[in-house]
Amino acid sequence: MEGQQNKSLLFGPVQSRRLKRSLGLELVPKKVCTMDCIYCEVGKTTFLTTKRKAYYSWNLIKRAILKAKEIQDRFDVFTLTGSGEPTLNSNFSKAVYFAKVHLSKPIAVLTNSSLVKIPEIREALSCVDLVLASLDAGRPETFEKINQPHPSVKFAEIVEGLKKLRNTMKGELWLEILLVKEINDNEKELKALKRLIEEISPHKVQLNTVVRPPSYKEAKPLSVEELHEVAFFLGEKTEILLPKKISAKEENTLESLKDLEKSLLDYIARRPATLKELAAAFGKKEFVLEKVINNLLKQKKILKKEHAQQVFYYLE
């Protein structure tokens, strides 16, 4: 596609709460998605669609995977993702199979689960090591309110698709539930979610909440105490996603100040982040990153805003 020839689809490696050192492959640009979730940290969906096409060309994707092959000592997991829904790229399945052939590291996919109903996508997901799939509601009405899907995306088809995937996949299915205050955190909603979790039977359930600035102001976070209560209710497979400190021995993959600035911009372009999160992601002391961030702020390359008593850095 025009204007894409020199674009790199790789970002990271970054320190992930779930995947250790994760090297990401972006398959769709900001913000092409099948949903417009009220909590989304990337921003409001500008192109709400279920149309699958080569949002990034196969040549770009192939080049990125071969580049990842050259630096496999620098990451733990290769993650197919995007600034929207990655399975919208018509090259998604091809990318999975190509990565499986050329990479020795585990392959993960982040998905909002909207297209798991499609056999071709489900077959590709069945081959990866880890599928991190979202399911934020136990009832269609709540799904519509939180996820604001494209009209053709049906809640029942998502649930059925996840069930089928769980029965055929070789790797693991981790179900992520993002809880929004006073929307999907009451007893009625949680009982409905628990029932679906039992039907889908994921290997793990992970709870999250609105920890970064959301697309819509009505999306409010739960407290840590409330998250623990929900985790207890949902059962032993459930864990809470909270930021973790990385080891002081974590390998530093950035070679210069210029590389650090570029990597910070790449990271922040995909989601707002705090100084503490960035320090953990890049294995740097906060005072070192603070100097780089202040320089980027002065150049107006990034902006900052406060949310939930924390300062987040972001791109316009």
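Side notes on the structure shown:
- Filtered by the rule that a residue be in a strand (DSSP E or B), over 21 Å from Arg166 (Cβ atoms) and either of a type in the set (Val, Ile, Thr) or at pLDDT below 95 (or both), the stretch 179-228 gives a lone residue, Thr209.
- Residues (acidic (Asp, Glu) and not in a loop (DSSP other than H, G, I, E, B)) located in the stretch 1-47: Glu26
- Among the conditions (1) surrounded by fewer than 21 Cβ atoms within 10 Å (Cβ to Cβ); (2) touching a helix residue (DSSP H, G or I) at 6+ places or on another chain (Cβ under 9 Å), the only one that Asn112 does not satisfy is (1).
- Among the residues listed as Glu176, Glu172, the single one being acidic (Asp, Glu), at pLDDT 95 or above, in contact with a Pro (Cβ under 9 Å, 6 or more places away or on another chain) and within 27 Å of Ser83 (Cβ to Cβ): Glu172
- Residue check for Ala137: in contact (Cβ under 8 Å) with a residue 24 or more places away in the chain, in contact with a strand residue (DSSP E or B) (Cβ under 6 Å, 6 or more places away or on another chain), closer than 25 Å to Leu234 by Cβ and not β-branched (Val, Ile, Thr): no
- Count - residues of the stretch 155-178 that are part of a helix (DSSP H, G or I) and buried (at least 18 other Cβ atoms within 10 Å of the Cβ): 7
- Every test in (1) part of a loop (DSSP other than H, G, I, E, B); (2) touching a residue at least 60 places away in the same chain (Cβ under 8 Å); (3) under 19 Å from Arg270 (Cα atoms); (4) more than 13 Å from the chain's Cα centre (by Cα) is passed by Thr50 save one, and that test is (3).
The values are calculated or read from the model by the stated rules, or taken from the named source; none is laboratory data. Keep in mind the model is a prediction, meaning the values are calculated, not measured. Neighbour counts are summed over all protein chains in view; Cβ atoms, including those assigned to glycine, are modelled from backbone coordinates with ideal geometry.
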